[in-house]
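Working notes for the structure below.
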Amino acid sequence: MSDLVEQSKRSAAFAAVDKHVLPSVRVLGIGSGSTVVYAVDRLLELKNNNQLNPKLVCVPTSFQSKQLIADAGLQAADLDDLPILDDAQGGFTSIDVTIDGADEVDSELNAIKGGGGAHLREKLVANASNKLVLIADYRKDSQVLGEKWSKGIPVEVSPLAWRTITRQLEHMPCMQKGSRLFEDEHPVANLRQAVRKAGPVVTDNGNFILDVCVGNIYDPPAVERLFKMIPGVIEVGIFSNMASEAWFGNSDGSIVCRI
Ligand code: 5RP
């Protein structure tokens, strides 16, 4: 990875943490991936400067993020062990803000996630958060999903039926009610393989991942729903209408925040 890309990830992560992790924040979701590592670096700096809430609790989204939290000496908690924030209002969120990476973010803040295979837990944590803030380098900033991320939509599936699900995904229609959902006539679903042909990648939850290439995605919520309806699909790596902000580090050192 070039120094420029790493620098861009770092500047986006630092800026997002500085804006959102104020001393008032009690519960913070920690995403997964290489950009999030920089967010935790910044949290550690703030902790050492006594600028974090002393009662801050962090909710991990993967074994990786659990380890990052532990290494930074921060307190971790599992999602369902937390109290609901605004129970009196009949709400269901238990996390003030979650900071997470992304593989691509479109102009409406829909995102593709799951490049690291953690999107099931990432979506559970994002869904339980008052705010989801995405951080990424300039290569992930796009108008239409699929424009930049060419590896396909990560779909976590049950190992019991991955071949059947593959066939079903490859027969998904690209049109629905007269409007085009995605570019390619025929999606291609690839079972994600571990390095050196060591077999399928197995997620933290014991499932497989299919990377589904469909070209540009014109209607992310509809594609998310369509894929999610297939029995055996555990979670789809399209995060439609979930993020409230995305921070991108640019190659010239500047930072863009999209709302
Ligand atoms: C893992 C993810 C990651 O957040 C996403 O892949 C971005 O990773 P990175 O910051 O390494 O580019 O969704 O499931």
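We did not get these values from a lab; they are worked out from the coordinates using the rules stated. This is a predicted model, so every value here is computed, not measured. Glycine also receives a Cβ, built like all others from the backbone with ideal geometry; neighbour counts cover every protein chain displayed.
Less than 5 angstrom separates the built amide H of residue 184 from those of 215, 216, all sequence-distant by 5 or more or on a different chain.
Rounded, prolate or oblate: pick one for region 117-237, where a ≥ b ≥ c are the square roots of the eigenvalues of its C-alpha gyration tensor, a/c under 1.5 means rounded, and failing that, prolate if a/b is larger than b/c, else oblate.
rounded
Gyration tensor over the Cα atoms of the chain: the corresponding equivalent ellipsoid has semi-axes (square roots of 5 times the eigenvalues, largest first) of 30, 20, 18 Å. Remark: for residue pairs 9/228; 47/131; 113/148, the C-alpha separation exceeds 23 Å in 9/228. Overall, the anisotropy analysis places region 15-114 in the rounded class: the square-rooted eigenvalues a ≥ b ≥ c of its C-alpha gyration tensor yield a/c less than 1.5. Its relative contact order, with pairs defined as Cα atoms under 8 Å and 6+ residues apart, puts the chain at 22 percent.
Are there any trypsin sites (Lys or Arg not before Pro) in region 43-144 that are in a DSSP loop and have at most 10 other Cβ atoms within 10 Å? List them by number.
Filter output for region 43-144: 55.
For a paramagnetic label modelled on residue 87 (point 7 Å from Cα along Cα→Cβ), amide N atoms under 17 Å away belong, within region 22-45, to 27.
By the combined test of axial Cα extent (at least 20 Å) and Kyte-Doolittle hydropathy (mean at least 0.0), the qualifying DSSP H helices of the chain come to 34-48. Other residues lying with their Cβ under 12 Å from the Cβ of residue 8 contribute a combined charge of -1, Lys and Arg counting +1, Asp and Glu -1.
Here the Debye sum runs over all C-alpha atoms of region 178-259 as equal scatterers in vacuum, and log10 of I(q)/I(0) at q = 0.11, 0.20, 0.23 Å⁻¹ comes out as -0.46, -1.05, -1.12. Charged neighbours of residue 259, selected by a Cβ distance under 15 Å, balance to -1 (K, R count +1; D, E count -1).
When you filter the trypsin sites (Lys or Arg not before Pro) in region 152-259 for DSSP loop state and at most 13 other Cβ atoms inside 10 Å of their Cβ, you are left with 177.
A Gaussian network model of the chain, with springs between Cα atoms under 10 Å, assigns the largest mean-square fluctuation among 110, 48, 207 to 48. Summed over qualifying helices (DSSP H, 4 residues or more, each -39500 (n - 2.57)) and divided by its residue number, the chain shows a 222 nm mean residue ellipticity of -8000 deg cm²/dmol. Loop-located GluC sites (Glu not before Pro) in region 53-146 (DSSP state not H, G, I, E or B) with no more than 15 neighbouring Cβ atoms inside 10 Å: 108.
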